[in-house]
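J.: Structure below; questions to follow.
The values are calculated or read from the model by the stated rules, or taken from the named source; none is laboratory data. Computed from a predicted structure; not experimentally measured. Neighbour counts run over all protein chains shown; Cβ positions are idealised from the backbone, glycine included.
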Amino acid sequence: MIREIENIELKFLTVDDYEELKTAMIDSYTTMPNSVWKEEHINSLIQKFPDGQVVIKVNGQLAGCALSIIVDYNSFDANHTYKDITGNYTFRTHTNKGDALYGIDVFIHPDYRGLRLGRRLYDYRKELCERLNLRGIAFGGRIPNYHKYAEQMSPKEYIERVKRKEIHDPVLNFQMSNDFHPHKILKGYLEGDEASGEFAVLLEWDNIYYEKKSLRAGANKKIIRLGLVQWQMRLYADFDELMQQAEYFIDAVSGYRSDFALFPEFFNAPLMAENNHMSESQAIRELASHTSRIVQKFSELAISYNINVITGSMPEIRDGLLYNVGYLCRRDGTTERYEKLHVTPDEAKVWGMQGGHELKAFDTDCGKIGILICYDSEFPELSRLLADEGMDILFIPFLTDTQNGFSRVRNCAQARAIENECYVAIAGSVGNLPKVHNMDIQYAQAMVFTPCDFAFPANGIKAEATPNTEMILIADVDIDLLRELNQFGSVRNLRDRRKDIFELKKL
């Protein structure tokens, strides 16, 4: 599996991709060499339905592909074959007036398996289905391990045992894990598929948004799902155990198809326990030695779980100076750094920490976001500058020891949502660290705030976790509501500023 990943792109398939596509198909279909598409077939698909043909490229190299057509599903016999559905490979069965998306092919190159790239292709198909207002997706799924059991059981019994996890079938397991349900068994579906005994499982996914007028567009997401981690401070045996817990939470919020995972400020503080014999300033600098490894691991998890990870914050030493920083690890493999600009008196006095210098909004596949670490949220100028750059969601990772400190962050965060007409998500740590000086106790409650207007909760609170309890908080936010607020809100905090009497700008 490829490990050095710089970029992951989901792109439309073009004619120029064919030679690379052909090579990838040959490498992927080693047991079915006749399954490699000819250039004329690919050209026909692109001409008939360009939006249905997509590829995933990793570091510019073709790593996977998904091919689809639209069909009038009821016009096909329930016992159709692959030749039937493709019109004997001519794709004349495709019609823009159809009601179902039919999957013709999907594969991931062997070198890129294990990165959950297949799920990205399936997610694209689902979003395309919703955008085109089709009733669902269907395709004939191979059962490549069936030949091992053909003499012992029928295809029906085989599928039932796969569903009960008694038998592992890599293709069928993957498809069912992506919300496709088996509908029936197709006999003689794909000629030459000896591993499956030429049987296939008709798999279907139902579009719950079918016939609704307002649908989410796959290429420009408007409904964003936030996953906030309310992290429990506890002692960990080592670095690997700490990151195992972090992966657990990423897996959990990703399982709910969250677009972002937000971790708290200094979530990695438990690693200072092994250096508790040192002074506080020495211990925090030892903690900084783990930061680059943590960022690398978070970046790998962001790719693997297809989620944008906001790492909270960690100490980092640059040019001999100690800073409080975090990283945005995007699911396309890119990372960007953000800094805490205002350090607290305690951070400066006990640790010798310096304030950062750079403030900016970040582009993501879910729009522009801003990130302010804890104390920075108490300075309204910062979030207003981010709002001027187009920020829709402000993330605030924090660490507070008392309810007093938490209340400062919480109340300022809610004010930021109102005055900047944006969503604000905050996440902190709970629990105790008796073996870490200056980090003994924590108090937190993860929350998502909204502006206060008719389209939003009356109290401006979209969601809130249970205080001081380890958990995750999942919340959906609608970006279109912010656009409507900006134009038609009861009050318009961004538009009504008196720029004739005051001005705010970066130096």
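J.: In the stretch 413-454, how many are of a type outside the set (Ser, Thr, Tyr) and closer than 21 Å to Trp231 by Cβ?
T.: Residues flagged as of a type outside the set (Ser, Thr, Tyr) and closer than 21 Å to Trp231 by Cβ within the stretch 413-454 amount to 25.
J.: Across the stretch 113-171, what is the total count of residues that are part of a loop (DSSP other than H, G, I, E, B), acidic (Asp, Glu) and touching a Phe, Trp or Tyr at 6+ places or on another chain (Cβ under 9 Å)?
T.: The total comes to 1.
Residue-by-condition table, conditions (1) over 21 Å from Gly390 (Cα atoms); (2) among the aromatic types (Phe, Trp, Tyr); (3) in the same structural domain as Ile371 (by TED's automatic domain parsing); (4) out of contact with any strand residue (DSSP E or B) (no Cβ under 9 Å at 6 or more places or on another chain):
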site: Glu419; (1), (2), (3), (4): no, no, yes, yes
site: Cys422; (1), (2), (3), (4): no, no, yes, no
site: Met439; (1), (2), (3), (4): yes, no, yes, no
site: Arg498; (1), (2), (3), (4): no, no, no, yes
site: Ile501; (1), (2), (3), (4): yes, no, no, yes
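J.: Any residue that is surrounded by 18 or more Cβ atoms within 10 Å (Cβ to Cβ), modelled with pLDDT of 95 or more, aliphatic (A, V, I, L, M) and farther than 24 Å from Tyr256 by Cα - is there at least one of those in the stretch 399-407?
T.: Yes; the residues of the stretch 399-407 include at least one that is surrounded by 18 or more Cβ atoms within 10 Å (Cβ to Cβ), modelled with pLDDT of 95 or more, aliphatic (A, V, I, L, M) and farther than 24 Å from Tyr256 by Cα.
J.: Any idea how many residues of the stretch 408-427 are crowded, with 18+ Cβ neighbours inside 10 Å and within 18 Å of Asp346 (Cα to Cα)?
T.: So the count comes out to 1.
J.: In addition: Suppose we keep only residues that are of a type in the set (A, V, I, L, M) and free of Cβ contacts under 8 Å to residues at least 60 places away in the same chain within the stretch 98-117. Which one would you say is farthest from Leu13 (Cα to Cα)?
T.: Ranking the candidates gives Ala100 first.
J.: Hey, another quick one. From the list Leu485, Leu494, Leu481, which residue is at pLDDT below 95, outside any helix (DSSP H, G or I) and not hydroxyl-bearing (Ser, Thr, Tyr)?
T.: On inspection, the qualifying residue turns out to be Leu494.
J.: On to the next question. Considering only the stretch 62-92, state which residues are polar (S, T, N, Q), under 19 Å from Glu191 (Cα atoms) and touching a helix residue (DSSP H, G or I) at 6+ places or on another chain (Cβ under 8 Å).
T.: Passing the criteria: only Thr90.
J.: Whether any residue in the stretch 410-422 is modelled with pLDDT of 95 or more, under 30 Å from Ser279 (Cα atoms) and under 25 Å from the mean Cα position of the chain (by Cα) is what I want to check.
T.: There is no residue in the stretch 410-422 that is modelled with pLDDT of 95 or more, under 30 Å from Ser279 (Cα atoms) and under 25 Å from the mean Cα position of the chain (by Cα).
J.: Just one of (1) part of a helix (DSSP H, G or I); (2) at pLDDT 90 or above trips up Ala261, so point out which.
T.: Exception for Ala261: condition (1).
J.: Restricting to the stretch 33-61, name every residue that is touching a helix residue (DSSP H, G or I) at 6+ places or on another chain (Cβ under 8 Å) and over 13 Å from Leu13 (Cα atoms).
T.: Pro33, Ser35, Val36, Trp37, Val58
J.: Taking only pairs six or more apart or across chains, which ones have beta-carbon atoms under 9 Å, a first residue in the stretch 121-139 that is without any contact (Cβ under 8 Å) to a residue 60 or more places away in the chain, and a second residue that is of a type in the set (A, V, I, L, M, F, W, C) and part of a helix (DSSP H, G or I)?
T.: Close Cβ pairs (under 9 Å, with a partner that is of a type in the set (A, V, I, L, M, F, W, C) and part of a helix (DSSP H, G or I)) amount to Tyr122/Phe174.
J.: Let me ask something additional. Filter the stretch 384-397 for residues that are in contact (Cβ under 8 Å) with a residue 40 or more places away in the chain and either crowded, with 24+ Cβ neighbours inside 10 Å or touching a Ser or Thr at 6+ places or on another chain (Cβ under 7 Å) (or both) and give the result.
T.: Ile393, Phe395, Pro397, listed by residue number.
J.: Gly255 fails exactly one of the following numbered conditions: (1) over 24 Å from Ala63 (Cβ atoms); (2) at pLDDT below 95. What is the number of that condition?
T.: (1)
J.: Moving on to the next point. I'd like to verify a number: residues in the stretch 221-258 that are touching a residue at least 12 places away in the same chain (Cβ under 8 Å), in a helix (DSSP H, G or I) and among the charged types (D, E, K, R), how many?
T.: Count: 2.
J.: May I pose another question? Return the pairs, sorted by first residue and then second, in which the second residue is assigned to a strand (DSSP E or B) and modelled with pLDDT of 90 or more, the first residue lies in the stretch 186-199 and is aromatic (Phe, Trp, Tyr), the beta carbons are less than 8 Å apart, and the residues are 6+ apart or on different chains.
T.: Correct list of pairs: Tyr189/Gly140; Tyr189/Ala200; Phe199/Ile185; Phe199/Leu186.
J.: Inspect all residues belonging to the stretch 382-397 and state whether any of them is of a type outside the set (A, V, I, L, M, F, W, C) and touching a Pro at 6+ places or on another chain (Cβ under 9 Å).
T.: Yes.
J.: While we're on this one: Could you name every one of the strands (runs of 3 or more DSSP E) located completely within the stretch 1-76 that has at least 3 residues being under 28 Å from Glu198 (Cβ atoms)?
T.: In the stretch 1-76, 61-71 are the strands (runs of 3 or more DSSP E) which contain 3 or more residues that are under 28 Å from Glu198 (Cβ atoms).
J.: So, one more: How many of the residues making up the stretch 311-321 are in contact (Cβ under 8 Å) with a residue 12 or more places away in the chain and either surrounded by fewer than 19 Cβ atoms within 10 Å (Cβ to Cβ) or at positive phi (or both)?
T.: The number of residues fulfilling the criteria is 3.
J.: Determine the pairs where a residue that is in the same structural domain as Ala63 (by TED's automatic domain parsing), located within the stretch 17-38, has a partner that is at pLDDT 90 or above and of a type in the set (Asp, Glu) with Cβ atoms under 6 Å apart, the partner being 6 or more residues away or on another chain.
T.: Short answer, once both residue conditions are applied: Tyr18/Glu39.
J.: While we're looking at this one, here's another question. Which of the residues spanning the stretch 428-474 are aromatic (Phe, Trp, Tyr) and either free of Cβ contacts under 8 Å to residues at least 12 places away in the same chain or not in a loop (DSSP other than H, G, I, E, B) (or both)?
T.: Listed by number, the list holds a single entry, Phe449.
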